[in-house]
Structure formats: structure tokens, C-alpha cells
Amino acid sequence: MLNKTKLYWISQIVGWLLYAFVVGIFNIQMRNEIGSELIFSLLSIFLIGLSVSHFFRFAIVRLNWMRFTIARLIPRILLGTIVAGVLVYFLKSIIIERLIVQNNYVFNLAEAFPSIISWMILYLIWSLLYFLFHYVNNYKKEEIKNLKWQAAKNEIELNKLKSQLNPHFIFNSMNSIRALVNENPTLAKEAITQLSNVLRNSLLMGKQKLIPLGDEMKLVNDYLGLEKTRFEERLTIVRKIEKNTEVFLLPPLMIQTLVENGIKHGTSKLPEGGVLEVNAFIQNEELQVIIYNSGYYDKTHQPETGFGLANTIQRLKLLYGDAAIFDIKNDNGRVKTTVLIPKETIL
């Protein structure tokens, strides 16, 4: 396929050649002769029309008219066609009348006006064709962009499902429950209920685009209850969730993924265990979720199967663009994970 530059020049040359040819046929029928003056005049019309239209295009590109809406674009096109019509008229008068035909040209508004109007109409048609081509081309690009976005979204959703339910977590929870069946049946029943809630809510929430923070924390609390049963004294859990944060919307299973990441790569690797702290508060009408966990974050070494953090960043990017913030770093001997959700997502 031709690139846009080649297509532009082919269209320009062919279009103005056809126009010069039509003008030539009309003059031949009127004069019944073909002379050197007519040939040079037609060549001049071709070159003038081509040059002025290319100058018009240069102005369109340089001034970036493509960014304007149709309402703002119309007056600019009309002004451009007026300038082009006047410019062509004077160039044509000087080159053809004075140099080729060698007439003593004198400007006359009554004679010039119809010629300028005809050239304005011609450049108006040229402008409509030019902008129509670009709008159709941009529309196709936007369709392709949307398809790519949808494909990326589907891929992220697939990766999210892979990271939502860690098989090791399920196995570890089942082993902890099995150990409790004889030792503490009441606690075992509570753990089974918590595991059931985690599995059910994970499947239900995974189908939603956004959920309230309050619903997310119910899942997180069940998950942390199971982990507390597993690690016992080695895991200390601190929650600081402001009441007014519960109505904020956020991607489902986001906090659960970050909490799981903190325990998996932090507390579980420390013989003495550690602390997991979940904070949620409103600042500048935006939701901030800050999670601290014991351990050390090494960004140069990430496991190949660690979809959690990558998925969280990608999901935030898809949903909020640059308005959301995700950050993870070491802070005073702990790992600090910060997520900022824009105020537009208040329920």
C-alpha cells in the first residue's frame, strides 16, 4: 500500500492535471485552436494550483487544524479558501496575463470577483476532500486502537484471573483447617467459612469493573483471617480504614492482591514473622490506600509468575490513565505500597 506522502502527491498531481485538462478542452472549444500561449497558460495553472494547495496544506499541518472540532474548523477553512482564491488570482494574472499573453493587466474588482469566487469554490472542494480523507483515516486508526485496547484488556483480565487465586494459598489454608479440625473445631468451621467467602467473592468480584472499598475489605478481612490462622503469632495485622472511604470505587481484588503480595514476599519469608498494616483515608478528595508489610522490596528481582503488581499497574492505567498513582518502595525498614484513586470514582 502507498504511504500517505506518496498518495498525497499522486492525488495532487493527478487532480490538478485533470483540472488543467478540463480548462484546456474548454478553451479549445471556445477558440478552436491550440497555441503555445494556451499550453504555457495551462502549465501555469497546473503549477499555480498545485503550489497554492500545497501551501494551504502546509498551513493546515503547521497550525495543527486537525485538532479542532468541525465548528471551529469551518471558519478557518473559509478563511483559507479566501486567501488561496485571492493568491491564485493574482499569481495567475501576473504570470499568464503579463508574462505569457503579455497584456497590460489592470486590476478591476468587478472582473476579479467572479474569478476569485470560482477559485475559492475550487479550494473549498479541495479542502473538503483533504479533511474527509483524514477524518476517515483517523476513524480507522481509532477503531484499530480500540481493538488493541480491548485485546490488551482481555489479556490483562486473563492474567488477573491467574493471580487472583494462588493455588498455594488454597492448599495452605486447607492444611491449616485440617490441623484445626481435631484441635479446635470451632476455629476450623470459622476458617472454612472464611475460605468459602474468599472463593465466592473472588469469582463474583472478578466479573465487575469496579466495586466499593467496603466490599473489597470484606474479602480482605476473610483472607487475612485465614492467613492469621496459618501464621498465628508470626503475623500481626493492623487495619486503619476511615469510614468515609467505604463508598469509593476501585478495581476488584486490588487490595487483596497487594495484601497477598505483602504476606507472600514479606512475612512468610521472615522466620520471626512481621506486621501487615492496611490504611485507607481521603486526602484532597481522593482515596489513598497505603499498605505496609515487613520485609524488603527488591525491584531488580521479580518472580516470573508474579502477575499481582504488574496487573494492578495495568488495570489502574486502563481505568484511570495518569490520574491514578501506584508506588511501591522501601520505607524505614518496611515495604510501603501506595495506591491513589481519583475522586471521580466516588459512588
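The values are calculated or read from the model by the stated rules, or taken from the named source; none is laboratory data. Since we're looking at a predicted model, the values are computed, not measured. Backbone-built Cβ (ideal geometry, glycine too); neighbour counts: all protein chains shown.
Residues GLU260, GLU272, GLU277, GLU285: which one is in contact with a helix residue (DSSP H, G or I) (Cβ under 6 Å, 6 or more places away or on another chain) and in contact (Cβ under 8 Å) with a residue 24 or more places away in the chain?
Values: GLU260 fails: in contact with a helix residue (DSSP H, G or I) (Cβ under 6 Å, 6 or more places away or on another chain); GLU272 fails: in contact with a helix residue (DSSP H, G or I) (Cβ under 6 Å, 6 or more places away or on another chain); GLU277 fails: in contact with a helix residue (DSSP H, G or I) (Cβ under 6 Å, 6 or more places away or on another chain).
Step by step, each of GLU260, GLU272, GLU277, GLU285 is checked, and only GLU285 is in contact with a helix residue (DSSP H, G or I) (Cβ under 6 Å, 6 or more places away or on another chain) and in contact (Cβ under 8 Å) with a residue 24 or more places away in the chain.
Taking region 320-347 as the search range and keeping residues that are at pLDDT below 90 and among the hydroxyl-bearing types (Ser, Thr, Tyr), which one is surrounded by the most Cβ atoms within 10 Å (Cβ to Cβ)? Per the criteria, the residue is THR345.
It is to be established whether one or more residues within region 220-240 are closer than 28 Å to TYR292 by Cβ and under 32 Å from the mean Cα position of the chain (by Cα).
Yes.
I'd like the full set of residues that are of a type in the set (Val, Ile, Thr), modelled with pLDDT of 85 or more and under 30 Å from the mean Cα position of the chain (by Cα), limited to region 62-98. Once the filter is applied, which keeps residues that are of a type in the set (Val, Ile, Thr), modelled with pLDDT of 85 or more and under 30 Å from the mean Cα position of the chain (by Cα), region 62-98 yields ILE74, ILE77.
The residues of region 36-60 that are surrounded by 10 or more Cβ atoms within 10 Å (Cβ to Cβ) and either among the basic types (Lys, Arg) or modelled with pLDDT under 85 (or both), listed by number, are GLU37, LEU38, ILE39, PHE40, SER41, LEU42, ARG57. In region 235-255, the residues that are on the phi > 0 side of the Ramachandran plot form Cβ pairs under 8 Å with partners that are at pLDDT below 95 and outside any strand (DSSP E or B), at six or more places apart or across chains, as follows: LEU253/LYS160; LEU253/GLN164; LEU253/SER202; LEU253/MET205; LEU253/GLY206; LEU253/GLU216; LEU253/LEU219. Would you mind stating whether SER51 is within 19 Å of ALA20 (Cβ to Cβ) and touching a helix residue (DSSP H, G or I) at 6+ places or on another chain (Cβ under 7 Å)? Spelling it out, it is not the case that SER51 is within 19 Å of ALA20 (Cβ to Cβ) and touching a helix residue (DSSP H, G or I) at 6+ places or on another chain (Cβ under 7 Å). Only one of the numbered conditions (1) in contact with a His (Cβ under 9 Å, 6 or more places away or on another chain); (2) part of a loop (DSSP other than H, G, I, E, B); (3) of a type in the set (D, E, K, R) is not met by LYS264, and that is (2). Quick one: would you say ASN64 is more than 23 Å from LEU124 (Cβ to Cβ) and in the same structural domain as TYR89 (by TED's automatic domain parsing)? Taking the combined requirement at face value, the residue does not satisfy it. If you go through region 225-247 one residue at a time, how many are at pLDDT below 90 and of a type in the set (A, V, I, L, M, F, W, C)? Qualifying residue count, region 225-247: 3.
Within region 235-254, being surrounded by 15 or more Cβ atoms within 10 Å (Cβ to Cβ) and not polar (S, T, N, Q) holds for LEU235, ILE237, ILE241, GLU246, PHE248, LEU249, LEU250, PRO251, PRO252, LEU253, MET254. Within region 203-216, is there a residue that is outside any helix (DSSP H, G or I), at pLDDT 75 or above and β-branched (Val, Ile, Thr)? Yes, there is a match, as at least one residue in region 203-216 is outside any helix (DSSP H, G or I), at pLDDT 75 or above and β-branched (Val, Ile, Thr).
Let's see how each residue does on (1) at pLDDT 90 or above; (2) among the hydrophobic types (A, V, I, L, M, F, W, C); (3) assigned by TED's automatic domain parsing to the domain that holds GLY225:
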site	(1), (2), (3)
LEU249	no, yes, yes
THR257	no, no, yes
HIS265	no, no, yes
LYS269	no, no, yes
LEU276	yes, yes, yes
PHE281	yes, yes, yes
ASN284	no, no, yes
VAL289	yes, yes, yes
SER294	yes, no, yes
